[in-house]
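Here is the structure we will look at, set down as structure tokens.
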């Protein structure tokens, strides 16, 4: 467990490397999904093209949207975009930077799927087997005696090994090889284009607007950190609030006020303060069956209000307390009894 | 074990050269894996064989080279150092040249691995150059199919074609071309290793002192940029924390402390530490409507980015006086 915690800490401490990790996981998931997916070309003239092309195009769209869903920064971007201006100006460059960085990360898994699909060649074969140009193979276009429709139906069966019946017209392996070769060429071309684009964006960017880039990077990271710190502070606040609220509720039911318990012990007060809460203190004044039952019953039927009393503000108004107001005047306060 | 792992990680992270070497090696392994999982599909047609084979041999190395340049840390440092304005710091062109050469050397490893693998494997060569072989040297050519010679030679890379059944012609031609391919591959490998060895051995003979300087300063630039990024991150965190706490406290209402004056009480200036910590976490927000108001304002009217007020927060000191104005107890 320690190892996992350490890895989690290392990844989370650096927000960027965490997002890169998610990005890499999605790319691997995309490749794995492709290999485990059973490609099933229908081998029917009307459906081949739609099946082949949708296998190439729809999963990347799905991965792209999934990348947005898994990215925490999307909600941050939306918040920053929609918030009222208030006392803090909005910086469009920061929002552009966040949008671009989110899109860049989300584009990796779709690119992996598209390139793996093109390299494998099955979807291209399924989509374009009917558009095959027979003259490439040196075959006479009209020497087989089949009508146009029958020829199309035969060509559509090329992706399916077991039902292809046109071996005498056109060798299935030759056609498959030809189309796969074109598909792979497209795949490599696609990879080359996106690598060149990424290279231009990353390696050439420092030539332009480097100072402005540093600024937007800092402030976009700041917005993210601030949101996290705000959530942490709210959680701590809620914890403190809840503790005091519950303590006051218990005290309210039991009728005793625990905070003055120690002050009545004279010289021992300092020692009492240092000792950790004794068992007696933890009971918070609830020591009997019926009192505890009342605590539990009222917690459901009559929850206490969300208002914390200040220390000394006893609900039973004992000791005839006088209202004292403090005036702050330089460093000296005057008490007004 | 965990300490050792931590030490190892720290060592690798502190030494940027070893990180670059690691990335370089990972890219080479990716290149190997990519080649073995790639389904080589020679079209076996005279007009497309050469194009396909040379494409497979040359396009992936370009992609791997660009990737190597992209993921290298030195690229960013190099570009920034090259294009920055002069400012207060002079520019040293030797450092830029050093960074460029070390980045190029590392980026060239994965492409070389791919090219060597294609040559040693031989499939690409067979696909590209089977048509250039003179079939006179081989027996058993299938000339009963009525196809032209060049089409037959173009089909040599494809094992499953029917015209080569019961004939050892195809295997003989393949073996011949593969032999050439492997010879070229091994010679290239030998050449580069020789070049590397000679370069390594002879380098200290030229300008070693200058080399030590440029290496130091290029390493320094890298570390400086990393430290700057880290400092920005830490600063943003502290800035955010102060801003948020200040926001909480600005939503606080005026404090009226009501304290009963009982003889049994002595004003305790050291409250229970536990309670004080809790009070501090509350930042003065103690009611539901205050919390609601706080959350609403956080969205509608974010505080300005200025935490100088925090540094000058006035301290509260209490002085207890009796009716005559004589100080009984004071914190001043």
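Key figures
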item: Options B:150, B:126, B:115: the member that is surrounded by fewer than 15 Cβ atoms within 10 Å (Cβ to Cβ) and touching a residue at least 40 places away in the same chain (Cβ under 8 Å); result: B:150
item: Hey, residue B:106 in contact with a helix residue (DSSP H, G or I) (Cβ under 6 Å, 6 or more places away or on another chain) and closer than 15 Å to residue B:218 by Cβ or not; result: yes
item: Condition met for residue B:98 (touching a residue at least 24 places away in the same chain (Cβ under 8 Å), under 30 Å from residue B:16 (Cβ atoms) and surrounded by 19 or more Cβ atoms within 10 Å (Cβ to Cβ)); result: yes
item: Search result, residues across segment A:206-225 that are within 8 Å of another protein chain (Cβ to nearest Cβ) and without any contact (Cβ under 8 Å) to a residue 12 or more places away in the chain; result: A:206, A:207, A:210, A:218, A:222, A:225
item: Residue tally, condition part of a helix (DSSP H, G or I) and exposed (fewer than 12 other Cβ atoms within 10 Å of the Cβ), over segment A:79-99; result: 2
item: Selected residue (criterion: farthest from the other protein chains (Cβ to nearest Cβ)) from residues of segment A:51-87 that are over 30 Å from residue A:116 (Cα atoms) and touching a residue at least 12 places away in the same chain (Cβ under 8 Å); result: A:77
item: Residue B:222 vs. criteria within 14 Å of another protein chain (Cβ to nearest Cβ) and in a helix (DSSP H, G or I); result: no
item: Filter result for residue A:184 (assigned to a helix (DSSP H, G or I) and at pLDDT 85 or above); result: yes
item: Pick from segment B:162-178, criterion assigned to a helix (DSSP H, G or I) and at pLDDT below 75, ranking: surrounded by the fewest Cβ atoms within 10 Å (Cβ to Cβ); result: B:162
item: Residue that is surrounded by the most Cβ atoms within 10 Å (Cβ to Cβ), among those in segment B:68-81 that are in contact (Cβ under 8 Å) with a residue 40 or more places away in the chain and more than 21 Å from residue B:26 (Cβ to Cβ); result: B:81
item: Test: residue B:191 is without any contact (Cβ under 8 Å) to a residue 12 or more places away in the chain and under 30 Å from residue B:137 (Cβ atoms); result: yes
item: Residues of segment A:163-185 classified as more than 8 Å from chain B (Cβ to nearest Cβ), touching a helix residue (DSSP H, G or I) at 6+ places or on another chain (Cβ under 9 Å) and over 14 Å from residue A:127 (Cα atoms), total; result: 6
item: Residues located in segment B:44-67, provided they are without any contact (Cβ under 8 Å) to a residue 24 or more places away in the chain and over 19 Å from residue B:110 (Cβ atoms); result: B:47, B:48, B:51
item: Qualifying positions in segment A:103-122 - away from every other protein chain (no Cβ under 14 Å), assigned to a helix (DSSP H, G or I) and at pLDDT 90 or above; result: A:103, A:106, A:109, A:110, A:113, A:114
item: Residue check, residue A:298 part of a helix (DSSP H, G or I) and at pLDDT below 65; result: no
item: When residues of segment A:186-204 are limited to those that are surrounded by 15 or more Cβ atoms within 10 Å (Cβ to Cβ) and within 8 Å of chain B (Cβ to nearest Cβ), the one farthest from residue A:111 (Cα to Cα); result: A:203
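Rundown of residues vs (1) modelled with pLDDT under 90; (2) part of a helix (DSSP H, G or I), yes/no style:
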position: B:69; (1), (2): no, yes
position: B:77; (1), (2): yes, yes
position: B:95; (1), (2): no, yes
position: B:104; (1), (2): no, yes
position: B:141; (1), (2): yes, no
position: B:160; (1), (2): yes, no
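The values are calculated or read from the model by the stated rules, or taken from the named source; none is laboratory data. This is a predicted model, so every value here is computed, not measured. Using ideal geometry, Cβ is built from the backbone for each residue, glycine included, and neighbour counts are taken over all protein chains shown.
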